[in-house]
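Heads up: the structure comes next, in structure tokens.
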Amino acid sequence: MARGVCRHLLSLDFASVEELVPERGLRVDVMALGRKGEIWVVECKSSRADFMSDDKWQGYLPFCDRFFWAVGEDFPVDLLPEGTGLILADAYDAEIVRMAPEDKLAPARRKAMVARFARHAALRAQAA
């Protein structure tokens, strides 16, 4: 699912990385960086049980301008909290169904997150 999300985000001119650690104890499924420095976080959920067992998602909000859930078309979307974005996705592509509200990061946090994003991407490229 993350692969499909990343493909779609690229079509929107966002670079993305998977499994980025914004802070010790947290790991986002997908973080995307836009051309103007905007930062989106996407959490992928494969089932109701997967969603119900996630108690960390609110900890991701201070690290992004917009927060999205990515789910399959058979996911019970009524479980997802109001005030978050919704992406329907599979392994090949995705579609934003509900745009997440924007809550802009403070400049210092944005600078730190862009640096963390760059380092994560560079380490992944080096490992490849």
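A Förster radius of 25 Å combined with the Cβ-Cβ distance from Lys56 to Ala112 puts the calculated FRET efficiency at roughly 0.80.
Listed by chain and number, the aspartates and glutamates whose C-alpha is less than 16 Å from the C-alpha of Lys36, apart from same-chain residues fewer than 8 away, are Asp13, Asp65, Glu102, Asp103. Protein-only accessible surface at a 1.4 angstrom probe places the residues Val28, Val97 in the order Val97, Val28, largest first. Between the helical axis of 107-127 and the longest alpha-carbon principal axis of the chain there is an angle of about 90 degrees.
Rank Asp78, Asp93, Asp13 by mean-square fluctuation in a GNM of the chain with C-alpha springs under 10 angstrom and give only the top-ranked residue. Answer for the Gaussian network model of the chain: Asp78.
For the chain, take the longest principal axis of its alpha carbons; what is the angle in degrees between that and the long axis of helix 2-11, to the nearest 10 within 0 to 90? That works out to roughly 60 degrees. Backbone geometry of region 85-92 corresponds, through the Karplus equation with coefficients 6.51, -1.76 and 1.60 at θ = phi - 60°, to 3J(HN,Hα) couplings of x, 9, 10, 8, 8, 9, 6, 10 Hz, x marking Gly and Pro.
With the helix formula -39500 (n - 2.57) applied to DSSP H stretches of n ≥ 4, the chain reaches a computed 222 nm mean residue ellipticity of -8500 deg cm²/dmol. Amide hydrogen proximity for Ala94: with H placed 1.01 Å from N in the peptide plane, the residues at 5 or more positions away or on another chain lying under 5 Å are His8. Pull up the DSSP beta bridges for region 2-115 and report the antiparallel fraction as a percent, rounded to 5. Roughly 60 percent of the DSSP beta bridges within region 2-115 come out antiparallel. Accessible surface calculations at 1.4 Å, restricted to protein heavy atoms, place region 64-128 at 63 Å² per residue.
Between amide H atoms placed 1.01 Å from N, distances below 5 Å from Ala70 occur with Glu43, Cys44, Lys45, Ile87, all of them 5 or more places distant or on a separate chain. Our estimate of slack between Arg7 and Glu95, defined as 0.36 nm per intervening residue step minus the Cα-Cα distance, is 30.7 nm.
Among Met99, Met1, the order of accessible area from largest down is Met99, Met1, computed with a 1.4 Å probe on protein heavy atoms.
The values are calculated or read from the model by the stated rules, or taken from the named source; none is laboratory data. Remember, it's a predicted structure, so these values are computed and weren't measured experimentally. Every residue, glycine as well, gets a Cβ built from its backbone with ideal geometry; the counts of neighbours run over all protein chains shown. For the accessible areas, the whole protein counts, side chains as well, though only heavy atoms, and no ligand, DNA or RNA atoms are used. Shrake-Rupley method; radii C 1.70, N 1.55, O 1.52, S 1.80 Å.
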